[in-house]
1. Counting only protein heavy atoms, what percent of the accessible surface of the range A:266-362 is carbon or sulfur at a 1.4 Å probe?
2. From the phi of every residue in the range A:45-55, what ³J(HN,Hα) in whole Hz does the Karplus formula 6.51 cos²θ - 1.76 cosθ + 1.60 yield, where θ is phi - 60° and glycine or proline is x?
3. Mind putting a number on the dipole of the range A:1-155 about its Cα centre? Charges go on the C-beta only, +1 for Lys and Arg and -1 for Asp and Glu, and I need it in Debye to the nearest 20.
4. Measure nothing but the geometry: give the 0 to 90° angle between the long axis through the Cα atoms of A:328-338 and the longest principal axis through the Cα atoms of chain A, rounded to 10°.
5. For chain B, find the longest principal axis of its Cα atoms and tell me its angle to the long axis of helix B:172-189, 0 to 90°, nearest 10.
6. Of all DSSP beta bridges located in chain B, what percent are antiparallel, nearest 5?
7. Can you tell me the FRET efficiency between A:Gln210 and A:Gln364 if r is taken as the Cβ-Cβ distance and R0 is 35 Å, rounded to the nearest 0.05?
8. Which far-off residues, 5 or more places away or on another chain, put their amide H under 5 Å from the one on A:His178, with H placed in the peptide plane?
Amino acid sequence: MQFGIFTVGDVTTDPTNNTTPTENERIKAILTIAQKAEEVGLDVFALGEHHNEPFVPSSPTTMLGYVAAKTENLLLSTATTLITTNDPVKIAEDYAMLQHVADGRVDLMMGRGNTGPVYPWFGKDIRQGIPLAIENYALLRRLWDEEVVDWEGKFRTPLQGFTSTPRPLDGVAPFVWHGSIRSPEIAEQAAYYGDGFFANHIFWPKEHFQRLIAYYRQRFEHYGHGRADQAYAGLGGQVFMAKNSQDAVKQFRPYFDNAPVYGHGPSLEDFTEQTPLTVGSPQEVIDRTLTFRETFGDYQRQLFLMDHAGLPLKTVLEQLDMLGELVVPTLRKEMDAKRPAHVPDGPTHQSQIERMAARAAAKQVADADEQSAVAAEAARSTRTTPVGAGTGAAFGIKGA
Amino acid sequence: MAENTTPAKKLVAVSAGLSQPSSTRLLADRLAEATVADLRDRGVDVELTMIDLRDVANDITSNLMTGFASTKLQEAIDAVSNADGLIATTPIFTASYSGLFKSFFDVIDNTALTGLPVLIAATGGTPRHSLALDHAMRPLFSYLRASVLPTSVFAATEDWGSGAADDGFPTLPDRIRRAAGELAAAVAVSKRSTEVKDPFALDSSFSPIGAYGAQ
C-alpha cells in the first residue's frame, strides 16, 4: 500500500502570529515539503492545480519536475489535474515528459476543479463540466495509448495524424486516478477504463463515500477489469499530531477555527467526529486510519493533507517526521498484512507495464480464439452436412 | 393488522418558529392535526413527523459552510425529501420567510422536493404581512418543482383570538380546514414515500467515453 501527502497549495495567514507567507515562500515551502516526504519514507507526493488565489500551484509539472530531480523514490502525482479546462493534448505531453524526467515515478489524478470562474477563464462552460471530463479524458487516453491519432470532438479543434510527444515512457501511460466527491458519472468513467478512483473524503462523512466507492468497485467488476475488491481505491485524510492528544488539540485549534473551507463553522470536536479529521496522538491517527480499511475495503493509496490553513513550514516538517516515523510504518505493516494476495498493491510504473502486458496478452488470446473460431466455422461450412447444432451464432460469431 | 396493508403515508411539518412556545409551531401543529384527521376520515393511514428548525439551526449553518449535513440534520432532510406531503411554516421576518427557513431549503438538493405536495403557512404580527406567502414562499417551492397547494394559511396575532365570523369571512380554523383538506387529498394519492431513488442512476444518454470522438 502507498502512503503519501497531498497539498492544495493555499497561501493562508497563520492565525497565531498573523503572518502570511509570500507566494515565493509558499512555493519554496511546498518543494521542501515534497523532499521531506521522501526523506521520512513516504511513497507519494501529490500536488494540486489551481488558478485562483489563495492557491499558488498553477503549473504542477514545473514544480514536480524540480521534485523529480531532487528525489530518488518518491512517486509524483497530482491532486488534481483539471481535465475540464486543460487541453488534453497538453496534459498528454506534459505528463509523458514528466514520466521521462522522473524515470516513471509519475501518475495523475483527474478532477473537475472546485471554482466556477476557472471555466470561463479557460474558455469553457461549467455546465459542461461532466461532458468535458468525459470527452477530454477519452482523447487523453488515445493520445497516450495510440501512436497516431485522428480525432474529432465537441470541445477542441480536430486532430488529423497527430502524435503527442514524447511518447509515454516504455510505451505505458501513467496510471490515472479519477477524483470526485459526488458524481457517479466519474466513478463510472474510472471503472470503465479500469483506472483508480480517489475519494478525497476529508470534508465529508464516510457514509457518503462508502456508497460511491462501493459503486465504483461494482462497476469496475462489471467492465471486466477484475473483481470488485481488486479495483484501485485511494482515500484522503487529514491529521494533526502531538505526543499526547490534548497538546495536539490545543496547537491545532486556532488553525482549524480559521481554516479555509470549514473555519468559523462547526467545532473541532464536531468536525473530528463527522469527518476523517484526526487531531491527537500518533496512535490515535493509526487507529482512525485503520478504520478506513474496514469502511471501504482494502485500498491502494492513502494521502494525508498536512500543510494547509496557515501551518508554518517548521510545524509541517515536524508533522511529517511523526507521520513517517510513528504512523506510516505501523499502518503499512497492518494494511499489507491484512490485504489478501489477489488484491493489487498501489500502482507504479512497473506494475502498469506488467498490467498492460497482461492486457495485451489477453487480447491476443481473445483475437486468436476468434480467428480459430472463424476458421472452424469456415471449415464446417464446406461440409455437406452440418455437424450437430454448431452454428456460428451458438459460438457468438457475428453474422454467422 | 393484515399483512398486505399499504404503507402509511408520510406527512412532515416543518416549523421555523424560534421562540418557545412559538406561534409558528402552534400553526404547524394545527395544520398537521387537521391534515391527519382529514386523512383518517378518508381511511388513509398516516405517519406524522414534526421538525423544529430551531433544533438544527447550528447544523444548518455548519452545512452551509462545510457542504455536508450532520446526522441530525440529514434525518430532517431525508424526512422532507421522502415525504408524501409537507407543511412548511415560517414566521415572516422583514417582508419574507425567515433566514433560517430559507437556509434549510438551501441545503436540500434542488431536485429532492420535485412533485412534493406543499402546504405553505406563515405567522406575523399583523395581517399586512400575509402577501409574503405568495410573493416569497410560493415561488421558492415552485422553483423546487414542488406542488404548492392553492390555499395558503397566514395567522396574524389577532387571528388567534377571533371566533366565528360575524362578517361572513372565513376564520383561521376555517382556513386551516380548507388547506388541510387540499393537502390530505394530495397526500392520499402520493407515492413519493415508497419510491426507491437510486442516487447513482446515470442519465440514459451517458457514456463513459462520451458521444464524440469515441472509438
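1. Roughly 55 percent of what the probe reaches on the range A:266-362 is carbon or sulfur.
2. 3J(HN,Hα) across the range A:45-55, in whole Hz: 10, 10, 10, x, 10, 9, 10, 8, 5, x, 9.
3. With only Lys, Arg, Asp and Glu charged at Cβ, the dipole is about 340 debye.
4. Between helix and principal axis, roughly 30 degrees.
5. Result, in degrees: 30.
6. 10
7. 0.35
8. The answer is A:Met110, A:Gly196, A:Phe197, A:Phe198.
The values are calculated or read from the model by the stated rules, or taken from the named source; none is laboratory data. Not measured: the values here are computed from a predicted model. Every residue, glycine among them, receives a Cβ derived from its backbone with ideal geometry; neighbour counts consider all protein chains shown. Just the protein is used for accessible areas: all its heavy atoms, side chains included, with ligands, DNA and RNA removed. Shrake-Rupley method; radii C 1.70, N 1.55, O 1.52, S 1.80 Å.
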